[in-house]
Amino acid sequence: MPGSPGVITRRYPSSGYTESENQEASKLREIYRRTVPRGVVWRINPAAPFICLLTTREEITPGGTGSQVLTTTYLPCRVLGASGTHVDGNAQGVYLKADGTVRTISAVDDHIDDLTTLTITISDATAAAHMVCYVPFALGRLVVKVEAPRGMGDLSYPIFEIDTRDLHSMNQWRDNRIESPFPLPPDYSLVFYLDAAWPVYYVSGTTSGSINLPYNQIQIPIIEAPESEFFVLGERKPGAKLRMDVETLMKDLAR
């Protein structure tokens, strides 16, 4: 499909997406939805990396001040960057719950360091509640589906599925790809579903000064073309044939 390559990130463009937090545990539930805007058609670009890092958070109160070791519920994951390297504190954040003050992370016992310790150490704690945010190395099943516009029934097709332990710990820039066997017309959606005991959170959750978590990342590589390129001469509603062809293919592939 001719068009312009691009990347749709988690919050860009700033419209056409929804984020669902604090989902029901251990049940396949929607966590993110990105809808194709009117007037364009998307084709997933399998030649570029698909980035998906999901964060959880929990409230932990240190036992004292200064340097304190915080024990998390789930293993922090060692998240690799594009070069295959990592830095402690790059995929984790600790914030004073009351006002969002950022704490300095001095060490992380991630899933490569130790499978039983589960700790994040901060150097400047106070004896008050903190929000501890991190990418977990924990069991979960992520499914990404293409879904037809709501009101057309439950027409959907899965294009990606993975264990979140594998997803979070791989070098996604090098090894992670996603593709769809058909283009996505306007108003179709890419929908992320997660089955895990841990909830996904997109913000720090502090009482004041809450921030968007920068290491919770979604990057979907696409090729975008004007919808007008798919119009067929004589069709009653421009774009109707494209939608019909995609619906037919989705139904055929689902059999």
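The values are calculated or read from the model by the stated rules, or taken from the named source; none is laboratory data. Just so it is clear, the model here is predicted, and its values are computed rather than measured. Cβ placement follows ideal geometry from the backbone for every residue including glycine, while neighbour counts extend to all protein chains displayed.
Values computed for the structure shown
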{"read-out": "Residue satisfying all of: in segment 23-44; surrounded by 13 or more Cβ atoms within 10 Å (Cβ to Cβ), out of contact with any Gly (no Cβ under 8 Å at 6 or more places or on another chain) and basic (Lys, Arg); modelled with the lowest pLDDT among these", "value": "ARG29"}
{"read-out": "From ILE223, ILE218, ILE178, ILE162, residue being under 25 Å from THR35 (Cα atoms) and without any contact (Cβ under 8 Å) to a residue 40 or more places away in the chain", "value": "ILE162"}
{"read-out": "Selected residue (only one of LEU213, LEU184 is of a type in the set (A, V, I, L, M, F, W, C) and closer than 18 Å to ILE31 by Cβ)", "value": "LEU213"}
{"read-out": "Every pair of residues 6+ apart whose Cβ atoms lie under 7 Å, when the first sits in segment 72-92 and is without any contact (Cβ under 8 Å) to a residue 40 or more places away in the chain while the second is of a type in the set (Val, Ile, Thr)", "value": "HIS86/VAL79; ASP88/ILE105; ASP88/VAL108; GLY89/ILE105; GLY89/VAL108"}
{"read-out": "Strands (runs of 3 or more DSSP E) wholly inside segment 72-190 containing at least 1 residues that are of a type in the set (Asp, Glu), surrounded by 15 or more Cβ atoms within 10 Å (Cβ to Cβ) and over 15 Å from the mean Cα position of the chain (by Cα)", "value": "105-109, 119-125, 140-147"}
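Okay, residues lined up against (1) surrounded by 11 or more Cβ atoms within 10 Å (Cβ to Cβ); (2) among the small types (Gly, Ala, Ser); (3) modelled with pLDDT under 90:
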{"position": "ALA225", "(1), (2), (3)": "yes, yes, no"}
{"position": "GLU235", "(1), (2), (3)": "yes, no, yes"}
{"position": "PRO238", "(1), (2), (3)": "yes, no, yes"}
{"position": "GLU247", "(1), (2), (3)": "yes, no, no"}
{"position": "ASP252", "(1), (2), (3)": "no, no, no"}
